[in-house]
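Everything below concerns the one structure shown next.
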Amino acid sequence: MKTASGYIVSPLYDHVLIIGAPLIFMGVAMLLFYSGLEDVEVMFRGNSYGDLDHWMYVFAYIFTMSHLSLVFFRSHLNLNIFKQFPARFTLVPLVGFAGLYCSDAVLALALACIPWFDVYHSSLQTFGLGRIYDLRAGNDLQVGRRLDYCLALVTYAGPILAGEGLYRYIKSFRHFEDIEWHKLASIPGWALEHQHQNITPFVIGGAVLFLCYYLYRYWQYQKLGYVVTWQKVALHVSLAVCSVYTWGFNSYGQAFFIMESYHALQYYALVWWSENKNVQSRLGVDQMKGGKIFALSVILGTTFAYGGFAYIFSGSARAVTALLLIVEFLHYWYDGFVWSVRKKQVA
């Protein structure tokens, strides 16, 4: 579906909320760091939770958890989507919650793997947005699809594996001790021991070689008629610069603030573009003056209420932990098929 502008919504909307979101949050974080405001602490809970007391982490945590619940405006309130996957949207959440609540093994497995689901999911959001820009340019959606998929993984996950943020993600494997999977639980120690000598050089070398191949293949595609979409190029460059800067060199708290916040902002922008008319219709305000503002208020109010609930009550009870984990898992899973360009879920 070729469009004249090539943008998903409009130049301003795309530049601020999608393409430029990583660099905007990176700039904000740098300003906060040099101004000293990064270290301001807040207390929303009675006990000290380490990094959670720093306001940047609190903001990023609530914003992140809020956007996880946002997918349900797409999956459950959009009837065109819901009718295609009724079992996935009804039975799976119930079974998943029951498994997390009743089984220590399922809970430990989820706690160990969820951070890596997040890495994978966050990588592929850029991939998906890039494919929408290809759709807007009228390109064959099969051309370069696998290359873009790999590029998104390399530019997001690569700096984590090679940089300072690795431990914060790899330590999740220690939850395998709870189910006596000792070899998997020992991976964090092995990774830290070998990161600088083996993992980092391998990741950097592999990334450079892949980037050269990527550019060569797209040069070939262009000769065959592929239209280079500068919006997609800018999106991937924005992610690469931000990812290398944050995961490679920053403290985990600042990196979490930048990467999770820009990701959540992009997602809110995507859902609002796609679902605002549907939400207005479902609320019965589509013909009312101010209906769009009311719909936006409902979306923001409900999702941020969930984010606040997650922050305040996380770790308080097994049922709450199970609820938060199943919502997070469903967000990652649902996103894999409710926004598929290839399957024409996005037009």
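List the pairs whose first member sits in the range 6-32 and is more than 30 Å from Gly138 (Cβ to Cβ), whose second member is part of a helix (DSSP H, G or I) and of a type in the set (A, V, I, L, M, F, W, C), and whose Cβ atoms are under 7 Å apart, counting only residues at least 6 apart or on separate chains? Every condition considered, the pairs that remain are Phe25/Ile258; Met26/Cys242; Met26/Ile258; Ala29/Phe257; Ala29/Ile258; Leu32/Met56. So, in the range 90-120, of the ones that are within 30 Å of Ser297 (Cβ to Cβ) and without any contact (Cβ under 8 Å) to a residue 60 or more places away in the chain, which residue ends up surrounded by the most Cβ atoms within 10 Å (Cβ to Cβ)? Residue satisfying both the conditions and the ranking: Thr90. Residues that are more than 25 Å from Leu166 (Cβ to Cβ), of a type in the set (Asp, Glu) and part of a helix (DSSP H, G or I) within the range 233-286 comprise just one, Glu275. Those residues that are within 21 Å of Leu68 (Cα to Cα) and acidic (Asp, Glu), I need them from the range 275-314; list them, please. Matches in the range 275-314: Glu275 only. Total residues in the range 273-307 satisfying the condition of being within 16 Å of Leu79 (Cα to Cα) and touching a residue at least 24 places away in the same chain (Cβ under 8 Å): the figure is 5. Only one of the listed residues (Gly291, Gly284) is among the small types (Gly, Ala, Ser), loosely packed, with under 15 Cβ neighbours inside 10 Å, farther than 26 Å from Pro22 by Cβ and modelled with pLDDT under 95. That residue is Gly284. Annotation: of all residues in the range 73-91 being charged (D, E, K, R) and assigned to a helix (DSSP H, G or I), the one that is farthest from Leu330 (Cα to Cα) is Arg74. Taken over the range 151-208, residues that are outside any helix (DSSP H, G or I) and touching a helix residue (DSSP H, G or I) at 6+ places or on another chain (Cβ under 6 Å) amount to 2. Figure legend. Inter-residue proximity from the range 136-158: first residues among the polar types (S, T, N, Q), second residues modelled with pLDDT of 90 or more, beta-carbon distance below 7 Å, spacing 6+ or different chains. Indicated pairs: Asn139/Tyr226; Asn139/Val227; Thr155/His236; Thr155/Leu239; Thr155/Ala240; Thr155/Ser243. Exactly one residue among Leu52, Leu17 is at pLDDT below 85, surrounded by 13 or more Cβ atoms within 10 Å (Cβ to Cβ) and assigned to a helix (DSSP H, G or I), and that residue is Leu52. Thr302 passes every criterion in (1) modelled with pLDDT of 95 or more; (2) surrounded by 16 or more Cβ atoms within 10 Å (Cβ to Cβ); (3) polar (S, T, N, Q) apart from (2).
For the range 251-270, the criterion of a residue being within 20 Å of Ser122 (Cα to Cα), among the small types (Gly, Ala, Ser) and surrounded by fewer than 17 Cβ atoms within 10 Å (Cβ to Cβ) is satisfied by at least one position.
Annotation for the range 290-300: no member residue is under 22 Å from Phe127 (Cα atoms), charged (D, E, K, R) and in a helix (DSSP H, G or I).
Only one of the numbered conditions (1) surrounded by 16 or more Cβ atoms within 10 Å (Cβ to Cβ); (2) under 25 Å from the mean Cα position of the chain (by Cα); (3) not basic (Lys, Arg) is violated by Ala185, and that is (2). When we screen Ile170, Ile204 for residues that are closer than 30 Å to Ala105 by Cα and among the β-branched types (Val, Ile, Thr), the only hit is Ile170. Condition test on Leu111, is it in a helix (DSSP H, G or I) and under 16 Å from the mean Cα position of the chain (by Cα)? Spelling it out, it is not the case that Leu111 is in a helix (DSSP H, G or I) and under 16 Å from the mean Cα position of the chain (by Cα).
Considering each residue of the range 71-88, count those that are in contact (Cβ under 8 Å) with a residue 60 or more places away in the chain and either of a type in the set (S, T, N, Q) or in contact with a Phe, Trp or Tyr (Cβ under 8 Å, 6 or more places away or on another chain) (or both), and give that number. Within the range 71-88, residues that are in contact (Cβ under 8 Å) with a residue 60 or more places away in the chain and either of a type in the set (S, T, N, Q) or in contact with a Phe, Trp or Tyr (Cβ under 8 Å, 6 or more places away or on another chain) (or both) number 6. Can you say whether Val279 is touching a helix residue (DSSP H, G or I) at 6+ places or on another chain (Cβ under 7 Å), over 29 Å from Ala108 (Cα atoms) and buried (at least 19 other Cβ atoms within 10 Å of the Cβ), as far as the supplied structure shows? Yes: the conditions hold for Val279.
Checking Val327, Val341 one by one, the residue that is among the β-branched types (Val, Ile, Thr), outside any loop (DSSP other than H, G, I, E, B) and within 20 Å of the chain's Cα centre (by Cα) is Val327 and no other.
The values are calculated or read from the model by the stated rules, or taken from the named source; none is laboratory data. Just so it is clear, the structure is predicted and the values come from calculations on it, not from any experiment. So basically every Cβ, Gly included, is an ideal-geometry build from the backbone, and we count neighbours across all protein chains shown.
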